[in-house]
Structure formats: C-alpha cells, structure tokens
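Have a look at the structure below before the remarks.
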Amino acid sequence: MKAIGIILAGGNNKRIGRLSDKRAISALPIAGSYRAIDFALSNMTNSKISRVAVLPQFNARSLNEHLSSSKWWDFGRKQGGLYVFTPTQTKDNNFWYQGTADALYQNIDFIKKSHEPYVIIAAGDGVYKLDYNAVLQKHIEKNADITVVYTNLKETDDDLTRFGILKLDEDERIVDFEEKPLVAESSDVSIGVYVIRRRHLIEILERCAREDRYDFVKDVLVRYKGVRKIYGYKLDSYWRNISTIDSYYRTNMDFLKKDIRDYFFKEYPDVYSKVDDLPPAKYNAGSDIKNSIISSGCIINGKIENSVLFKDVYIGNNCTIKNSIILNNVYIGDDSYIENCIVESRDTLRPGTNYVGTNDEIKIVVEKNVRYIL
Amino acid sequence: MIKKEMIAMLLAGGQGSRLGVLTSRLAKPAVAFGGKYKIIDFPLSNCINSGIDTVGVLTQYRPLRLNQHIGIGIPWDLDRNIGGVTVLPPYEKSENTDWYTGTANAIYQNLEFMEYYHPKYVAILGGDHIYKMDYELMLDFHKKNNAKITLATYEVPWDEASRFGLVITDENNQVQEFEEKPPVPRSNKASMGIYIFDYDILKDALIALKDQPGCDFGMHIIPYCHQRGDKIMAYNYQGYWKDVGTLSSYWEANMELIDIIPEFNLYEEFWRIYTKSDVLHPQYFSANSKVSGCIVSEGAEVYGEIYNSVIGADVTVEEGAVVRNSIVMQGSTVKAGAKVEKSIIAENVEIGENTELGLFEEAPNKYNEKVYAGGLVTVGEGSVIPANVKIGKNVAIVGITTADDYPDGILASGESIIRQ
C-alpha cells in the first residue's frame, strides 16, 4: 500500500455531443458491459491500490449510480475504500471545481490524512489496462518529482491536437509539454495518469491555490516542466480516449477485433464492473448476427451487423442494425433500420423507424417515446 | 436481542444421482441451469425476493462448488450483519458424529442455528427445483389460517399423480390425509417439499423424533404432527414449478427457456433471479456465425452455428461447428467442424475437431439405463473428447479421453466412458 488513487471524473466535452447531456464522460458505456471509469477503477484495484477517491462534477448522477456500491471493484475494505467526492460548499469555499488542480485542492484533507507516500492520479475516461505499480516503480528509480504516463498515437488516426503533447529526451525526461496545441509536433500524448509523492502534491496544490491557479496540466505540468524532474512512462499497450463522438464510436468498434477482446476480456487481469443480474441474451428465430457484440439481457429478433449492443436491448422482427452502437435498455420496434448511429440509452424507437448516419458522421439518436403503449 | 420473523432452511445436501455424470463432482443444487445460473439460485433468489434475509444452507454431498458459489451471499444480497446466508455442513460432536441421515435429521442437527435467531416461523425449502415463489404470500396464508404447518402443493396432471406424494384436503384446504405414490390417486395436489412451520411446533417434533433413523419431513415429521392434531394447511401454488431431477427433465426445462415467450420467463423486471457471475464481458458473434432460438450467456464466442440451445458463459463454438438442441455449460469449447446434437455438455469440456455427438439409432444405456435415457449425450465436467470420433445416443462420457478409447473412432449408442 504505497499509494492512494485519485480518479478525475469531472470532465465534459462538447465534442461528445448529446451523449454527455445526461452523463459524465467517465460514465459512458463501453464495450457492451462496461463504463469508461471501470478501466481506471479496475487498474487501481488490480494494482492493489485500496484507497481511491473519485472526483466527479459534471452530470454526476449516472456516475454515482454506477458507483453506488464499491464491492464490484473489491473496494469497501476496512483498510481503504472508494470515496466519491462531489464538490461541496464549505466555510472557505463555495465554488465548483474550477479545474483539475482545484478539484484536488478542494479535497486536500483526504490527501493529507492518508499515510501512503505516493498518489496515483488517473483520468476516468481512458480505455486501457495498466499496472500503476510499474509506473510507481519507475518513478522511484528515476527519483522523479512527477511521472506522466504517455503513449504514442502515431498508428491511429486520432486527432492529436486534442491531447497534451510531450517531448522527451533520451532519458524519458519531459522537456516540453503542450496542452492541446494547434499543431502537434510529436505523437507522444499524455494519457492523464500521473504519479507524484503525496507531500510534494500537497505542496504544489497549496501553492497553486495561493496563486489562483486551477489546472493540473497547465499550471503544474507545463509550468514546472523545466524546474522539476518530470519523467515519462510509456504505455505500449492499447489506450484510447473516448471524449469525442468519433473516438467513442471507434473505441467501441475496436472490440469487434479478436485481439482487443482477448486482451481486455481473456488476459489477466480482468476488468470489473457493476453486476446487473440480467438473464442471458436471447436469440429468437429471425436473428442474424454478423460480427457483433451482444450483451446480457438482450432479446434479438432481427439482423445485426458490425455493431455493439449494450445490455437489455430489444430488437424487433425484421430490423436491421448496421455499423451502430445501441446503448443500454433500448427498445427498437419491428421493421426499423439503423445504420452508422449511436442510439442513446433508454430510447424507445417506434416500429418502422429509420436512422442512417455515415461513417464520417455518426448520427446520435435520442428518441423518447412511451414504451409500453407500443 | 436478535429476532427474525421467519428464517429459511435450504436443503442442499443431495447428490441428485439421477443426473448422472453432471453430479459426479458437485451437488445437484450446484448444477448449472439456463446458461448462467445454478439450480440453487432459484430458491435463494426466491428467499431474498420474499423478504427472507436469513437462510441456512445445509450441505453434505460434494459441497466445494456450492460453497464457492454461495460465498458470503453477495449476489443475493444475503451478506448481512445480522442473518444473511450461513452454510451448514454436518459436524463432529463430542458424543457421536453423524452425517445428515434425512431431511428432518439435518434440520434437527442445526437446532442451535435456528434458536439463535428466535424465529417465529421457519421455512423448509429444497434446493433442487426451478420456480419463482413468494414465500411471503405463503406465510400470509399460514397466519390467516392459524396453521401450525403449511405445505405448498402443486396440481399435477391426474395421469401423473401416482408418481407423487399427494395431499388430500377439505374444502378449506386443510390437510386431511397423505398418500405416497398411490396406484389410484384420490387427489392431484402434490407436495412440493416446501413447508412453513411454527417454530415451536417444528422444534418439538424434531426433538420428539430425534432418534428416528433417517428422519424425513414427508415420511416422519408431517405424519407425526398430523397424528398429534396440529392444523396443517395446503397452500396451492399456481406458478411455474419444474423438477429437474432427471437428465431428460433437466434438458427439457432448459429447452423451455428458449421459447418465444417462455412459461418460465427470466426477462421480467419483477422477481429477478440472481447469481454469482464471474464473467461480465459481452458475447461475440463472428461474420460467419448463425444463431436461431438460443439463449447465450456472457463472454461466449460463436464462430459456428447454434440452434435451439442454451449456451453458458465463456463457451467457444468454433468455425464450422454446429450445436443443436443442446446445453453447453460455462467454459466449454466446441472445436472447429464438430457437430453436437441433443447433448448436455458440462463445464470446461473440450469437444475435438470434427467430432460428432448424438448420432446413430438409439440404444439403451448399458451402464445405467434409467439415468442415461431420452437419447441424450451427457458429458461430465472437465471431459475431453478427441477429434474425429462419432458418438451415439444415450451415451455418458466423463474424464479425459483419447482416440484409443474410441475403437474405429466410434462410441456406439448406449455405451459409456466413465473415468472419475
């Protein structure tokens, strides 16, 4: 128990469109059975980090519901636990979290009261597996002040300018750090996972607060890059951020590839999530499933192709679902046609509904009808 | 002081020997059902859905898998500070050490457990039926009728009634007489083996009959109380109730789940069935897969074809394989080109490439004709069947087998390979 964990789950992003109307990005459903934050939480528990705080802010209801019990990730211990710290008004402060550093500062009591020497800070919107202890190990070996986990996105077609771009020297020390630059001069991007000594973090946060600085990246990493020893730790395995519609869509579609499924689902360690107690998926006559992921509780009567169906989805007779993502608890009436869409959770689509997006512009379908009169 | 209005005692110690190789390594209540469930999930879920939060589970035969499954009761919300689920195995005593010799004897040996909760009522449940039942309604009936004992009954078809223990009641449903498997039935109300007792009555009877060898509820306790004049009521249960005691009835009950609107519906929001799932991730169907009339559990990967089957978690059906009218349990693999027809494949089985199950004309099983019937192929947990063999009907296989076990690559109908 060398470290405590803090998961920054406050983020919102206009580029994810209507999908974040009702939930934080960290609560977005991923790969049929999971939510984005499950990956960071599972990494924490698999790294034997037992005291973990989650800092939500924006649209936290869906996230709080997901975190209503900590037992699914094996937290909730006498020594440790999962703490959800939404912003609160206090005697000294009645602001929301004004940035990531401010979010940490407003919970500085939690950090001060811990006894573990290190803090692992992780974003709640990454899809990846990582043993944080390996990062910590390197942090200690390098005698670093801060270690930033990064990955190389050269092989992907993701828009690099939406990330923090790093330049490293041959010793992997970070010599330059540019947040969301106009032009990305390298394809090494920060994945938003940091290791820092707890006392050092307290000192930095208190200083930021005195100087009215609120952002951990801009006001700590970028500002201190020359002064403090900030090292990089390279993550060589799969990592995706899901905070745009395009990246969210493609990350889900990645799970149609066997190697990615095997990596997340079959190889040690497992990813955990809240258990929903849904029955097995049911395929009635008329089902035709091609290259698709289907989750528990679904009842299928139609044709599904290159798609990801989340839990508890009903697909009516003679429907075609193609290249689409259907989120949790959606009802799609008979004779509907859905292509290149993301259908928002709890939607009810009347029979004969038609929605078609394109591969370059995935359509977000939000349709509320009363289900039980259909 | 600790006090519970009603606690449940769940009898889960039986082998269920008529399930053949399915129960060679685990007790019947731990046998998988409906893809992701185990038989014991049904009474356990019924308990918590009925508001019973204190359950003693009596185990005896091969309890390991049952113990692992139940744990501290988390999946059923039975992890409680006061009450919750307690596994009750037979134990050594200073004067004598007995196994559980009968259903009532098992309960008698756990008087101390019941005493601790000072219950007013005790429900006695079996761990081997598939049903959804609100025990609270039965308790209401029990209280309303001022009964000392209420037993649940189920109306069976008249022509099958002679296979059951029957209850003859008056017009108010008060029990008058019992008949055990009579050749000419006078009633079609079968006892379901589910009882609610006033605790003091139960305790009294158990102590009075403590020296009865093989003390059993149906044979000893109930007749004793009846003779003594205790008011016994019959609660007529009208929902779905399925005995899965034989391989054929087990297979049929599973197959019923894949009907368009199954009589036993797992998809209702109300009265959910809970289970311990260690596999969370979704299932995958490849571009060449075919599926019709199936229920498929988490993590299954289908590259071949599945029809009218119940597929467990983490099952792989490889390219070109065909599974039809079968039950395939968690972690099993049907390799490329294999054909599986009307089979029950237990957990972690490997069916070799191009191997075919369920071929040829039916022939009675030579090893145990009564158990392995109905044309089924039954493959026990952890078995391996090599590639390119042809296997007939009414066959049982358990253990790791190689090509040498199949002369000419054939296992004829009615044959068995049993390797424990």
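Could you please give the count of residues in region B:361-391 that are closer than 17 Å to B:GLY20 by Cα and part of a loop (DSSP other than H, G, I, E, B)?
Result for region B:361-391: 17.
So which residues in region B:262-298 are of a type in the set (S, T, N, Q) and facing chain A (nearest Cβ under 7 Å)?
If the condition is that a residue be of a type in the set (S, T, N, Q) and facing chain A (nearest Cβ under 7 Å), then B:SER277, B:GLN283, B:SER286, B:SER289, B:SER292, B:SER297 are the ones that fit.
One line per residue, one yes/no per condition, for (1) hydroxyl-bearing (Ser, Thr, Tyr); (2) over 28 Å from A:ASN284 (Cβ atoms):
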| position | (1), (2) |
| --- | --- |
| B:SER326 | yes, no |
| B:GLU341 | no, no |
| B:GLY375 | no, no |
| B:THR378 | yes, no |
| B:VAL395 | no, yes |
| B:THR401 | yes, yes |
| B:ALA412 | no, yes |
| B:ILE417 | no, yes |
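From the list A:ASN284, A:ASN301, A:ASN306, which residue is more than 8 Å from chain B (Cβ to nearest Cβ), surrounded by fewer than 24 Cβ atoms within 10 Å (Cβ to Cβ), under 26 Å from B:TYR274 (Cα atoms) and touching a strand residue (DSSP E or B) at 6+ places or on another chain (Cβ under 8 Å)?
Result: A:ASN301 is the single residue among A:ASN284, A:ASN301, A:ASN306 that is more than 8 Å from chain B (Cβ to nearest Cβ), surrounded by fewer than 24 Cβ atoms within 10 Å (Cβ to Cβ), under 26 Å from B:TYR274 (Cα atoms) and touching a strand residue (DSSP E or B) at 6+ places or on another chain (Cβ under 8 Å).
Looking at region B:299-306, can you tell me whether even one residue there is under 17 Å from B:THR378 (Cβ atoms) and either buried (at least 24 other Cβ atoms within 10 Å of the Cβ) or aliphatic (A, V, I, L, M) (or both)?
No, there is no match, as no residue in region B:299-306 is under 17 Å from B:THR378 (Cβ atoms) and either buried (at least 24 other Cβ atoms within 10 Å of the Cβ) or aliphatic (A, V, I, L, M) (or both).
Out of A:LYS266, A:LYS311, A:LYS290, which single residue is crowded, with 20+ Cβ neighbours inside 10 Å, charged (D, E, K, R), within 13 Å of another protein chain (Cβ to nearest Cβ) and farther than 23 Å from A:ASP158 by Cα?
Of the residues listed, the single one that is crowded, with 20+ Cβ neighbours inside 10 Å, charged (D, E, K, R), within 13 Å of another protein chain (Cβ to nearest Cβ) and farther than 23 Å from A:ASP158 by Cα is A:LYS311.
Tell me yes or no: at least one residue of region B:9-23 is over 22 Å from B:ALA253 (Cβ atoms), of a type outside the set (Val, Ile, Thr) and modelled with pLDDT of 95 or more.
yes
Given the criterion modelled with pLDDT of 95 or more, among the basic types (Lys, Arg), part of a loop (DSSP other than H, G, I, E, B) and not assigned by TED's automatic domain parsing to the domain that holds A:SER70, identify the matching residue among A:LYS311, A:LYS274.
Selected residue: A:LYS311, the only one of A:LYS311, A:LYS274 that is modelled with pLDDT of 95 or more, among the basic types (Lys, Arg), part of a loop (DSSP other than H, G, I, E, B) and not assigned by TED's automatic domain parsing to the domain that holds A:SER70.
Report, by residue number, each residue of region A:1-20 that is charged (D, E, K, R) and touching a residue at least 40 places away in the same chain (Cβ under 8 Å).
The answer is A:LYS2, A:ARG15, A:ARG18.
Tally the residues that are within 13 Å of another protein chain (Cβ to nearest Cβ) and either surrounded by fewer than 24 Cβ atoms within 10 Å (Cβ to Cβ) or over 18 Å from A:TRP239 (Cβ atoms) (or both), restricting the search to region A:20-34.
Residues meeting the conditions: 3.
So is B:ASN368 touching a helix residue (DSSP H, G or I) at 6+ places or on another chain (Cβ under 9 Å), surrounded by fewer than 20 Cβ atoms within 10 Å (Cβ to Cβ) and under 30 Å from B:GLU298 (Cα atoms) or not?
Considered against the rule, which asks whether it is touching a helix residue (DSSP H, G or I) at 6+ places or on another chain (Cβ under 9 Å), surrounded by fewer than 20 Cβ atoms within 10 Å (Cβ to Cβ) and under 30 Å from B:GLU298 (Cα atoms), B:ASN368 comes out as no.
For region B:386-402, state whether one or more residues are over 24 Å from B:ALA32 (Cβ atoms) and without any contact (Cβ under 8 Å) to a residue 24 or more places away in the chain.
Among the residues of region B:386-402, at least one is over 24 Å from B:ALA32 (Cβ atoms) and without any contact (Cβ under 8 Å) to a residue 24 or more places away in the chain, which makes the answer yes.
Regarding B:GLN176, is this residue surrounded by fewer than 16 Cβ atoms within 10 Å (Cβ to Cβ) and more than 14 Å from every other protein chain (Cβ to nearest Cβ)?
Against the criterion (surrounded by fewer than 16 Cβ atoms within 10 Å (Cβ to Cβ) and more than 14 Å from every other protein chain (Cβ to nearest Cβ)), B:GLN176 qualifies.
Would you call B:LYS393 buried (at least 23 other Cβ atoms within 10 Å of the Cβ) and of a type in the set (Lys, Arg)?
Spelling it out, B:LYS393 is indeed buried (at least 23 other Cβ atoms within 10 Å of the Cβ) and of a type in the set (Lys, Arg).
Considering only residues that are within 19 Å of B:TRP99 (Cα to Cα) and either part of a loop (DSSP other than H, G, I, E, B) or within 14 Å of chain A (Cβ to nearest Cβ) (or both), look in region B:25-41 and name the one that is farthest from the chain's Cα centre (by Cα).
In this case the residue turns out to be B:ARG25.
Just to be sure before I move on: is B:GLU301 within 9 Å of another protein chain (Cβ to nearest Cβ) and closer than 20 Å to A:ASP288 by Cα in the structure I sent?
When the stated conditions are applied, B:GLU301 passes them.
For residues that are among the hydrophobic types (A, V, I, L, M, F, W, C) and in a helix (DSSP H, G or I), scanning just region A:109-126, find the one that is surrounded by the most Cβ atoms within 10 Å (Cβ to Cβ).
Looking at residues that are among the hydrophobic types (A, V, I, L, M, F, W, C) and in a helix (DSSP H, G or I), I get A:ILE111.
Testing A:ILE338 on (1) within 14 Å of chain B (Cβ to nearest Cβ); (2) surrounded by 16 or more Cβ atoms within 10 Å (Cβ to Cβ), one condition comes back false. Which one is that?
(1)
So, A:SER324, is that one more than 11 Å from chain B (Cβ to nearest Cβ), at pLDDT 95 or above, crowded, with 22+ Cβ neighbours inside 10 Å and within 26 Å of the chain's Cα centre (by Cα) or not?
Criteria met by A:SER324.
Specify the residue that is farthest from A:CYS298 (Cα to Cα); the eligible residues are those in region A:345-368 that are buried (at least 19 other Cβ atoms within 10 Å of the Cβ) and of a type in the set (S, T, N, Q).
The extreme case among them is A:THR353.
Could you please find all residues in region A:341-360 being within 22 Å of the chain's Cα centre (by Cα), assigned to a loop (DSSP other than H, G, I, E, B) and not small (Gly, Ala, Ser)?
Listed by number, the residues that qualify are A:GLU344, A:ARG346.
Show me the strands (runs of 3 or more DSSP E) found entirely inside region B:260-343 where at least 3 residues are among the basic types (Lys, Arg) and closer than 21 Å to A:ILE304 by Cα.
Result: empty, no element qualifies.
Residue by residue through region B:335-351, note down the ones that are more than 20 Å from the chain's Cα centre (by Cα) and either farther than 26 Å from B:ILE260 by Cα or within 11 Å of another protein chain (Cβ to nearest Cβ) (or both).
B:LYS335, B:ALA336, B:GLY337, B:ALA338, B:VAL349, B:GLU350, B:ILE351 - these are the residues of region B:335-351 that are more than 20 Å from the chain's Cα centre (by Cα) and either farther than 26 Å from B:ILE260 by Cα or within 11 Å of another protein chain (Cβ to nearest Cβ) (or both).
Here are some residues: B:ALA205, B:ALA253. Which one is in contact with a strand residue (DSSP E or B) (Cβ under 6 Å, 6 or more places away or on another chain) and under 26 Å from B:LEU137 (Cα atoms)?
B:ALA253
Test B:VAL244 against the stated conditions and say whether it is at the interface with chain A (Cβ under 10 Å from one of its Cβ atoms), touching a residue at least 12 places away in the same chain (Cβ under 8 Å), crowded, with 16+ Cβ neighbours inside 10 Å and touching a helix residue (DSSP H, G or I) at 6+ places or on another chain (Cβ under 7 Å).
Criteria not met by B:VAL244.
Given the criterion surrounded by 18 or more Cβ atoms within 10 Å (Cβ to Cβ), out of contact with any Phe, Trp or Tyr (no Cβ under 9 Å at 6 or more places or on another chain) and over 20 Å from A:TYR224 (Cβ atoms), identify the matching residue among A:LEU160, A:LEU182.
Result of the check over A:LEU160, A:LEU182: A:LEU160.
Restricting to region B:307-333, give me the number of residues that are crowded, with 24+ Cβ neighbours inside 10 Å, under 25 Å from the mean Cα position of the chain (by Cα) and not polar (S, T, N, Q).
Going through region B:307-333 one residue at a time, the tally reaches 9.
Counting only residues that are modelled with pLDDT of 95 or more, give me the strands (runs of 3 or more DSSP E) lying completely in region A:148-267 with at least 3 of them.
Fully inside region A:148-267 and qualifying: A:188-197, A:230-234.
The values are calculated or read from the model by the stated rules, or taken from the named source; none is laboratory data. This is a predicted model, so every value here is computed, not measured. Note that we place each Cβ from the backbone using ideal geometry, even for glycine, and neighbour counts take in every protein chain shown.
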